Amino acid sequence: MKEIGGYFELENLVRHEFYPNLLALNSARNALLYVMKARKIKKIYIPYYLCDCIRDTLQNHQYDFGYYHIDQDFMPKIDHQLDNGAYLYIVNHYGQHSNGTIKKFESLYGPLIVDNTHAFFQPPLPGIDTIYSCRKFFGVPDGAYLSTDAVLDEELAMDASKDRYPYMLGRFEGKASDYYKEYHEVNELFDLEPLKHMSKLTQNIMGAVDYEKAREARSRNFSYLANEFQEWNPLNISSPDGAFAYPFYCENGPEIRKLLAGQKIYIPTLWPNVLADTEETSVENRYTANILPLPCDQRYSLEDMEYMAGLLKKELNNSIAVER
């Protein structure tokens, strides 16, 4: 029976999602699980340079998987024939793989699943299963979109995410440092979450995002950082549409990351598990330790980018002076 009267709930906001025709699920890792189940995939190859949540999801559901390395341009290094029927999991690190490149991967390696969690604004290719993350780009704690023509013959429950929002509401009216513990606690909950539809709350918010404004701000800020650090950054980086973050490489990444945190500039390590899973001299290990994913999202202006770039250059110059 429908309830009538009483106190108000959150308003139903404008329903204008960026991907209204894609499958809305509760997390990117569960979007992968959907494809694995629907396509009855027996084996998949994943990169070493990847969050351990993907590995854990595959292990927890007893899927066979192998690893592959990447080169300095984030390209897969595969020198052997993939098992018959095996899929390749392509992570579009920092949005550096264009759709043209992804098509080449398909012709070289066969069936793909593309992880576009770093490339929300890059459209999916027909016939290639593609995963997008909401929380990597917008102020929601969960949610993912999946582009696929595979159909899972399984009834999915609707996720409920009201208990994941307090840290976001806290940061909205307060400081990030005051809610960091709650943020990590919510992240750990995803390990226990089964495959579900995206929650009504998250879908409500995703429908009200100003996507063009977000895309333009991200592209503008990325271009500014790319110009500022073109003489400093050894990575060969292209400018994606609506960038996730600007990947700046420096040999003393962990030290610089700590110094910036002391000045309230928080740069994550993507992904700490890689440090334990790979050789210290490998591309993956060095990139994990030393790539600083500089924030360039829609929350920030060019003045913010100038401020951050100035502090980073100062720390880099101080580090060079100490080495001398």
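Based on the Kirkwood radius over alpha-carbon pairs, what value in µm²/s does the Stokes-Einstein equation return for the translational diffusion coefficient of the chain at 25 °C and 0.890 mPa s?
Details: Rh = 21.0 Å.
In µm²/s, the coefficient rounds to 117.
For residue 263, what charge total do you get from the other residues with a beta carbon under 11 Å from its beta carbon, if Lys and Arg give +1 and Asp and Glu give -1?
Numbers: positive: 258, 264, 314; negative: 315.
Surrounding charge for residue 263 is +2.
Can you work out ³J(HN,Hα) from phi for every residue in segment 195-209, in order, using Karplus 6.51 cos²θ - 1.76 cosθ + 1.60 and θ = phi - 60°, giving whole Hz and x for Gly and Pro?
5, 9, 6, 4, 5, 4, 5, 5, 5, 4, 5, 4, x, 10, 6
Report the local net charge at residue 45: Lys and Arg +1, Asp and Glu -1, summed over other residues whose C-beta lies under 11 Å from its C-beta.
-1
What shape does segment 24-134 take by its C-alpha gyration tensor, where a ≥ b ≥ c are the square roots of the eigenvalues and a/c under 1.5 counts as rounded, a/b above b/c as prolate, and the rest as oblate?
Verdict is rounded for segment 24-134.
Once fully extended, how much extra length lies between residue 43 and residue 7, figured as 0.36 nm per residue of separation less the alpha-carbon to alpha-carbon distance?
7.9 nm
Could you work out how far apart the two model spin labels at residue 251 and residue 56 are, taking each label as a point 7 Å from the Cα in the direction of the beta carbon, and quote it in nm?
3.5
Once you have a ≥ b ≥ c as the square roots of the Cα gyration tensor eigenvalues for segment 258-324, tell me rounded if a/c is under 1.5, and otherwise prolate or oblate according to whether a/b is larger than b/c. List each step's numbers first, then the result.
Numbers: a/c = 2.68, a/b = 1.39, b/c = 1.92.
In terms of gyration-tensor shape, oblate.
Once the dipole of the chain is set up with Lys and Arg at +1 and Asp and Glu at -1 on Cβ about the Cα centre, which of 139, 219, 61 lies farthest towards its positive end?
Of 139, 219, 61, it is 219.
Could you tell me the distance between the Cα centroids of segment 98-121 and segment 15-47, to the nearest Å?
Cα centroid to Cα centroid, the span is 14 Å.
For the chain, with the dipole built from +1 on Lys and Arg beta-carbon atoms and -1 on Asp and Glu ones, taken about the Cα centre, which of 275, 174, 87 lies farthest toward the positive end?
174
Antiparallel DSSP bridges in the chain: what percent, to the nearest 5?
So the antiparallel bridges in the chain amount to around 50 percent.
About its Cα centre, how strong a charge dipole does segment 140-210 have in debye, to the nearest 20, once Lys and Arg get +1 and Asp and Glu get -1 at the Cβ?
The dipole magnitude comes to about 380 debye.
On a 31 Å Cα-Cα criterion, which of the cross-link pairs 40/104; 2/213; 37/213; 175/213; 43/104 come out too long?
2/213; 37/213
Rank these for me by crowding, 171, 164, 15, going from fewest to most other beta carbons within 10 Å.
Neighbour counts put them in this order, fewest first: 15, 171, 164.
Charges only on Cβ, +1 for Lys and Arg, -1 for Asp and Glu: so what's the dipole of the chain about the Cα centre, in debye to the nearest 20?
It comes to approximately 260 debye.
FYI, it's all coordinate maths here, none of it is from the lab. What you see is a predicted model; the values in this text were computed from it and never measured. Cβ: placed from backbone, ideal geometry, glycine included. Neighbour counts: every protein chain shown.
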